[in-house]
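The values are calculated or read from the model by the stated rules, or taken from the named source; none is laboratory data. None of the values given here were measured: they were computed from a predicted structure. So basically every Cβ, Gly included, is an ideal-geometry build from the backbone, and we count neighbours across all protein chains shown.
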2 protein chains.
Amino acid sequence: MAKVKRARIQDVAEKAGVSTMTVSRVMSKDTKVSAAKTALVMEAVNALNYRPNVAARRLAGSQSFLIGLLYFDLDTSYVSKFLLRGLKSCRATGHHLVADEIDDDIEKSIVAVKDLIEVTQVDGIILLPPVCDIPEVLTTLKEANVPFVRIAPDSQLNLSPYICMDDYQAGFEITELLIKQGHTKIGHIIGNPNQGASRLRYQGYLDALRSNQINVPPEYIEQGMFTYDSGFNAAKKMLALKDRPSAIFAANDEMAAGVISAAHMNQLTIPNQLSVTGFDDGHLATTVTPHLTTIRQPIQEMAALAIELIASKKFADASKANSREYRHVLDFEIVERESNAVKGT
Amino acid sequence: MAKVKRARIQDVAEKAGVSTMTVSRVMSKDTKVSAAKTALVMEAVNALNYRPNVAARRLAGSQSFLIGLLYFDLDTSYVSKFLLRGLKSCRATGHHLVADEIDDDIEKSIVAVKDLIEVTQVDGIILLPPVCDIPEVLTTLKEANVPFVRIAPDSQLNLSPYICMDDYQAGFEITELLIKQGHTKIGHIIGNPNQGASRLRYQGYLDALRSNQINVPPEYIEQGMFTYDSGFNAAKKMLALKDRPSAIFAANDEMAAGVISAAHMNQLTIPNQLSVTGFDDGHLATTVTPHLTTIRQPIQEMAALAIELIASKKFADASKANSREYRHVLDFEIVERESNAVKGT
DNA sequence: AAATGCAATGATATCGCTAACAATTCTTGT
DNA sequence: ACAAGAATTGTTAGCGATATCATTGCATTT
């Protein structure tokens, strides 16, 4: 098996009849190169199947081709989904991902962030919730002048570019879905109060009820923590009520799974006697029985976009400039499965 | 804030009074350098806080510092745990992880593997189960002469170095745990038959019963698929038996979660009326109510070891040489939680 | 004591690319 | 039609490490 040597930039330059710099410029899409030369170069690139050598780029250039990712809790499907998709996107641009866990120990967290900046010399950093709302982390990044994107941030929205979905609207729509199915006794389990998304989903729920002139007793609203246990306990209380709800909207899938479990224990069949909806569309949504009607978060799209943003050279300036142009609200999707149904008579 | 330039190999060499090559050799730990010079170099390295520039190493040397990771199903906590830990280990050695999903489309899979080898030029590849048992993938790797480590392989064990845990022993011990608690009517839900671990766990279960002179009717053994649904359905059948088991050992946590759900639906309290044990100790284990007694797989340790193996230069030769020395069986651990109890009278 | 061999160390030439600046071509106004 | 300025393209010099080969030093043999 003859080993074919990878084409170098020089090979491309020769084949296209231009200088290596022209090729370099075409590859990094930055400076303007005439359409004619660009075409010539691209032709040569394709003919030789040329792919720039990342190591050489890093050594010669100012980019490190490294992207930092700060997450909080490893064990959520949110993080791993984001990670896997991010890894894929990175491949396309020749970047690499450096992931770091942040925990409650703020001091340690700051060290990790500084390490990422100084030692690893990342081109940019992605902050997953809830890291994107830790003031100390944000301050450190700002001081170091490192560009960063936040995913679903809850505060200081004009501090940096960010990517999110409309949690409020999703909360509104999924509640309306239940209302349209004839439910009026709709309960809600609020998510972790430390994460802004909880509040938005809750507000969407409230407004959907209000705009349909539906009143629910305060017992229909319980505070959860985004965990299975908290959903389970909240549901236990609600289902023990004399006049129990006919539908429960849990602010994430884990709590919805807890609700289902509680319903099973109370001999309630789902969806006939109780409709349940979740939020996230993680692995769990199709794991529990019956499968959850839920909101699909565009996590993969968020990951791809985040990488793309940091990879684009413009980004570095952008984060300093007016960041209003760098707000990305992606679409969510209601995924209807078997955990909800028209209210029985 | 004055930006401190990172020390280069030359700075270290000057400070230590040796040539750059000596420093290089010390850093890569490979050739022998006298103890005296090594000490000198290390001192300078520490004083200057020197860290080799990975890009330069890659450009000049023969290593790519890239490690490929082939996985099958993204959505298991197995993969994400492995990934996160792997990412961490990579940081320490300056390597990077390139992850690629393999699916049922064998042809596409082979393309992905070849791409990893030829385009990405990885130093080595890690195969997660069940990718590590796909013959076409193994053949391709062998032909390309790329070193690889397999995690928990099921076949052709002397084909390559591998890392695993003793699934048989774990199955044996967790069954014995139930037996010691007085259970004799112990059911088992077998895992996906395409994964060798299923068979081993099952065999451990059988042998534990046998060595305690316990016989169970064939209805106590159901075939599952490692999914929640399959566990749920298997348990439904078993619990509907006239003489139902007092304990069920599911071959993974997801199926165990299904068992719990089925038990709830049958009004059985856990662990009083039914003991349940899982396998994996993933997120789910502490998510369901009650928390699962299960086997903690040393996934993180496996990840760290796999990276370490590939990072060590010796590895390249090793995979060609007699690979018998490269079998690593790591310890597991029984994690006792609340899903099992002494058999009620 | 000279010859031999091996281990430890050093000098030098790249690796493939981009930054910075230089040179060239193309606009455009007059 | 021509100069001035803008846009495009080319030239050169590294980036920071390792491979390769040459050299040195020292123990061992004769």
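Observations on the structure shown:
- Residue in region B:246-260 that is nearest to the other protein chains (Cβ to nearest Cβ), counting only those that are crowded, with 24+ Cβ neighbours inside 10 Å and touching a His at 6+ places or on another chain (Cβ under 8 Å): B:Ala250
- Some residue of region B:69-81 being in contact with a Gly (Cβ under 7 Å, 6 or more places away or on another chain), closer than 22 Å to A:Gly68 by Cα, buried (at least 20 other Cβ atoms within 10 Å of the Cβ) and hydrophobic (A, V, I, L, M, F, W, C): yes
- With respect to the conditions (1) surrounded by fewer than 21 Cβ atoms within 10 Å (Cβ to Cβ); (2) in contact (Cβ under 8 Å) with a residue 24 or more places away in the chain; (3) small (Gly, Ala, Ser), B:Gly204 lacks only one, and its number is (1).
- Residue within region A:68-86 that is within 21 Å of the chain's Cα centre (by Cα), more than 12 Å from chain B (Cβ to nearest Cβ) and either within 8 Å of DNA strand C (Cβ to nearest atom) or of a type in the set (Ser, Thr, Tyr) (or both) present: no
- The set of residues in region B:6-26 being more than 13 Å from DNA strand C (Cβ to nearest atom) and within 25 Å of B:Asp123 (Cβ to Cβ) consists of B:Arg6 alone.
- Test for B:Arg91: is it buried (at least 21 other Cβ atoms within 10 Å of the Cβ) and in a helix (DSSP H, G or I): no
- Pairs with Cβ under 8 Å, 6+ apart, first in region B:18-35 and in contact (Cβ under 8 Å) with a residue 24 or more places away in the chain and closer than 19 Å to B:Gln63 by Cβ, second near DNA strand D (Cβ under 7 Å from one of its atoms) and part of a loop (DSSP other than H, G, I, E, B): B:Met27/B:Pro52
- Taking every residue in region B:280-302 that is closer than 13 Å to B:Ile334 by Cα and in contact (Cβ under 8 Å) with a residue 12 or more places away in the chain and pairing it with any residue that is in a strand (DSSP E or B) and basic (Lys, Arg), at least 6 positions away or on another chain, the pairs with Cβ-Cβ distances below 6 Å are B:Asp281/B:Arg296.
- Criterion violated by B:Ser80 - all others in (1) more than 12 Å from DNA strand D (Cβ to nearest atom); (2) touching a residue at least 40 places away in the same chain (Cβ under 8 Å) satisfied: (2)
- Subset tally (residues that are within 14 Å of chain A (Cβ to nearest Cβ) and in contact (Cβ under 8 Å) with a residue 60 or more places away in the chain) for region B:126-144: 1
- Selection status of A:Ser28, modelled with pLDDT of 90 or more and either surrounded by 12 or more Cβ atoms within 10 Å (Cβ to Cβ) or near DNA strand D (Cβ under 10 Å from one of its atoms) (or both): no
- Filter result (in a helix (DSSP H, G or I) and in contact (Cβ under 8 Å) with a residue 12 or more places away in the chain) within region B:248-264: B:Asp253, B:Glu254, B:Met255, B:Ala256, B:Ala257, B:Gly258, B:Val259, B:Ile260, B:Ser261, B:Ala262, B:Ala263
- Verdict on B:Leu309 being under 30 Å from B:Ile163 (Cα atoms), away from every other protein chain (no Cβ under 12 Å) and not in a strand (DSSP E or B): yes
- Applying the condition of being modelled with pLDDT of 90 or more and part of a loop (DSSP other than H, G, I, E, B) to region A:276-290 and asking which residue is farthest from the other protein chains (Cβ to nearest Cβ) yields A:Phe279.
- Checking the stated criteria, B:Asp167 turns out to be among the charged types (D, E, K, R) and under 17 Å from B:Thr293 (Cα atoms).
- When region B:87-101 is filtered for residues that are more than 8 Å from chain A (Cβ to nearest Cβ) and free of Cβ contacts under 8 Å to residues at least 12 places away in the same chain, only B:Ala92 remains.
- B:Tyr50 meets the conditions (1) within 10 Å of DNA strand D (Cβ to nearest atom); (2) surrounded by fewer than 18 Cβ atoms within 10 Å (Cβ to Cβ) in every case but one. The failed one is (2).
- Test result for A:Ala55, of a type outside the set (Asp, Glu), facing chain B (nearest Cβ under 9 Å) and assigned to a strand (DSSP E or B): no
- No other residue among A:Val122, A:Val113 is in contact with a Leu (Cβ under 9 Å, 6 or more places away or on another chain), farther than 22 Å from A:Ile295 by Cβ and more than 13 Å from chain B (Cβ to nearest Cβ) apart from A:Val113.
- Within region A:27-52, the set of residues being within 35 Å of the chain's Cα centre (by Cα), away from chain B (no Cβ under 14 Å), within 9 Å of DNA strand C (Cβ to nearest atom) and not charged (D, E, K, R) comprises A:Met27, A:Ser28, A:Thr31.
- Residue that is surrounded by the fewest Cβ atoms within 10 Å (Cβ to Cβ) [pool: residues in region B:317-345 that are under 15 Å from B:Phe249 (Cα atoms), at pLDDT 95 or above and of a type in the set (A, V, I, L, M, F, W, C)]: B:Ile334
- Taking region B:135-191 as the range and being surrounded by 21 or more Cβ atoms within 10 Å (Cβ to Cβ), assigned by TED's automatic domain parsing to the domain that holds B:Lys236, over 18 Å from the mean Cα position of the chain (by Cα) and not in a loop (DSSP other than H, G, I, E, B) as the test, the residues that pass are B:Phe172, B:Ile174, B:Thr175, B:Leu178, B:Ile186, B:Gly187, B:His188, B:Ile189, B:Ile190.
- Residues in region B:204-257 that are at pLDDT 95 or above and among the β-branched types (Val, Ile, Thr): B:Ile214, B:Val216, B:Ile221, B:Ile248.
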